[in-house]
Amino acid sequence: MNAMRYEAPGSIDEVVALLAAADGDSRILAGGTDLLVQMQSGFVKPGLIVDVKKIAEATTITAEDGGFRIGAAVCGAEIGEHADLKEAWPGVVEAAELIGSVQIQARASLGGNLCNASPAADSVPALIAAGAVCSIAGPKGRREVPVADIATGPGETSLGTGEVVVSIHLPAQSPRSGDAYLRFIPRTEMDIAVVGAAINLSLDENGQCSAARVVLGAVAPTALLVTEAADALIGGPVDDAALERLDAAARAACRPIDDKRGTADYRTKVSGVLARRAAGIALERARSNS
Amino acid sequence: MTKHHVSTTINGEPAEFLCEPQQTLLDVLRDELNLTGSKEGCSSGDCGACSVIMDGRVACACLALGVEAEGRSIETIEGMAEGETLHPLQRLFLEEAALQCGYCTPGFLVAAKALLDRKPDPTETEVRFWLAGNLCRCTGYDKIVRAVLSAAAEMRG
Ligand SMILES: Cc1cc2nc3c(=O)[nH]c(=O)nc-3n(C[C@H](O)[C@H](O)[C@H](O)COP(=O)(O)OP(=O)(O)OC[C@H]3O[C@@H](n4cnc5c(N)ncnc54)[C@H](O)[C@@H]3O)c2cc1C
Ligand code: FES
Ligand code: FES
């Protein structure tokens, strides 16, 4: 086995410099709940590991522009304990808290969930529905990229060589709006989503749906932002007819695989049901948030 | 291969060790520090047999690197009893037969302690959810859950 180097710098500039100087496979280490599993199984053999947990901006949650900036390496448990964040974006927080057991929650981060690029990653649909934007640092400086544009396929991202996700920004939640995330798993804890559905919707003063984002997880190579499903809600009341249209649009957008967790047909059906239920929760939240 | 010199706190005492960068915290505890109470069940984060408390949160030692212990505080099963006096959780696991082969027990005890440190009065459902990351092949979980609830009641006095 080749020698592996471990570094835990105190700033993002140092991370970028370390990655730029490295040859071979380098990996960022956040909570390690994907990376160490992949290393133990011999699936990845990095020459350099750069731990970002000693960097303040990657490990803190701060209020910003009416929304929140969440360090890419902040763990799920800390996200769940942040009362203001939970109040503004309960769906995002729920999704982050669904990742693994308490042991996993102590370590698992949004940056890791996103960059590991599993089609079933729980926090990703909720972040996309919320319109979250990543701050990325790399050899050419910093850039801002919507979370929706990071994963390009299973295990693949649009990050360039030597780039690192520093933090994820959630915008201010609009008035009369609410978000929700639901996933379906065959047991009550500790499993990977068969389907995930995230919805973020807003109501106008008359209670009509004025904006919506609908995102499905685990039914395609990456999380799907389904505009047809959002259009099914926008412009009218979120009533049974709208939910019926949402259900149909969600099913139509699915491109799932068959595997041991569920057949493609089953996943397609469940995506409609979950989208509908998540919309119900988001609607309740939007109504109580005026 | 260059070894890292790591300074940390283990069970409240300052500790130092040398480790290779790819060694997990579990490897270091067991093989370098002879703290073999933490068990290796799966090495993939699924079973919780390796549970330790890192800076106040229960985590899988198999999914952390030994070098990550630098500057942190680690609590293991070895730190749970006070000398000869067992922690109430340990005693009630024995009294209420919450173990058979015992392989999972250190992990359950460490995880349960982390729960009771945070929440002295958990419901049965809360105990079951909290311990969902700890697997047991033998007991069927019921006695474990009951022993945790008994310990919680006793510790509340
Ligand atoms: C038992 C168990 C249960 C799990 N359950 C779930 C679940 O229910 N739902 C779910 O979605 N996932 C689950 N996972 C997967 C995993 O916990 C999550 O994907 C987690 O969010 C990964 O975060 P991490 O901080 O541990 O990532 P790491 O393992 O540290 O990193 C993951 C990958 O992303 C890269 N990376 C990390 N941070 C950055 C960054 N800031 N910039 C660039 N690249 C980066 C790493 O190099 C690595 O390739 C589970 C894992 C285990 C072991
Ligand atoms: S050995 Fe660490 S979770 Fe199983
Ligand atoms: S007592 Fe044997 S695994 Fe739990």
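Couple of notes before you dig in:
- Candidate set: the range B:132-144, residues that are part of a helix (DSSP H, G or I) and more than 16 Å from the chain's Cα centre (by Cα); chosen: the one nearest to residue B:99 (Cα to Cα): B:143
- Within the range A:60-73, considering residues that are of a type in the set (A, V, I, L, M) and surrounded by fewer than 24 Cβ atoms within 10 Å (Cβ to Cβ), the one nearest to residue B:60 (Cα to Cα): A:61
- Residue check for residue B:129: within 15 Å of ligand 3 (Cβ to nearest atom) and either among the aromatic types (Phe, Trp, Tyr) or not assigned by TED's automatic domain parsing to the domain that holds residue B:46 (or both): no
- Scanning the range A:217-248 for residues that are of a type outside the set (A, V, I, L, M, F, W, C), in a helix (DSSP H, G or I) and in contact with a strand residue (DSSP E or B) (Cβ under 9 Å, 6 or more places away or on another chain) turns up A:227, A:228, A:231.
- Residues being of a type in the set (S, T, N, Q), more than 24 Å from the chain's Cα centre (by Cα) and in a loop (DSSP other than H, G, I, E, B) - total across the range A:12-60: 1
- If only residues of the range A:249-290 that are of a type in the set (A, V, I, L, M, F, W, C) and outside any helix (DSSP H, G or I) are counted, the one that is farthest from residue A:229 (Cα to Cα) is A:257.
- Against the numbered list (1) closer than 28 Å to residue B:24 by Cα; (2) surrounded by fewer than 18 Cβ atoms within 10 Å (Cβ to Cβ), residue B:130 comes up short only at (2).
- Qualifying residue in the range A:100-108 (condition: of a type in the set (Val, Ile, Thr), assigned to a helix (DSSP H, G or I), within 14 Å of another protein chain (Cβ to nearest Cβ) and touching a residue at least 60 places away in the same chain (Cβ under 8 Å)): yes
- For the range B:11-52, a residue qualifies if it is outside any loop (DSSP other than H, G, I, E, B) and surrounded by fewer than 22 Cβ atoms within 10 Å (Cβ to Cβ), and the qualifying residues are B:13, B:14, B:15, B:16, B:17, B:18, B:27, B:30, B:31, B:32.
- Selection within the range A:229-248 - closer than 17 Å to residue A:273 by Cβ and of a type in the set (Val, Ile, Thr): A:238
- Set side by side, the residues B:25, B:18, B:86 differ, and just one is away from every other protein chain (no Cβ under 14 Å) and modelled with pLDDT of 95 or more, which is B:86.
- Residue in the range B:65-75 that is at pLDDT 95 or above, within 16 Å of ligand 2 (Cβ to nearest atom), among the hydrophobic types (A, V, I, L, M, F, W, C) and part of a helix (DSSP H, G or I) present: yes
The values are calculated or read from the model by the stated rules, or taken from the named source; none is laboratory data. Quantities reported herein were computed from a predicted structural model and do not represent experimental measurements. With ideal geometry, Cβ positions are generated from the backbone for all residues, glycine too; neighbour counts draw on all protein chains shown.
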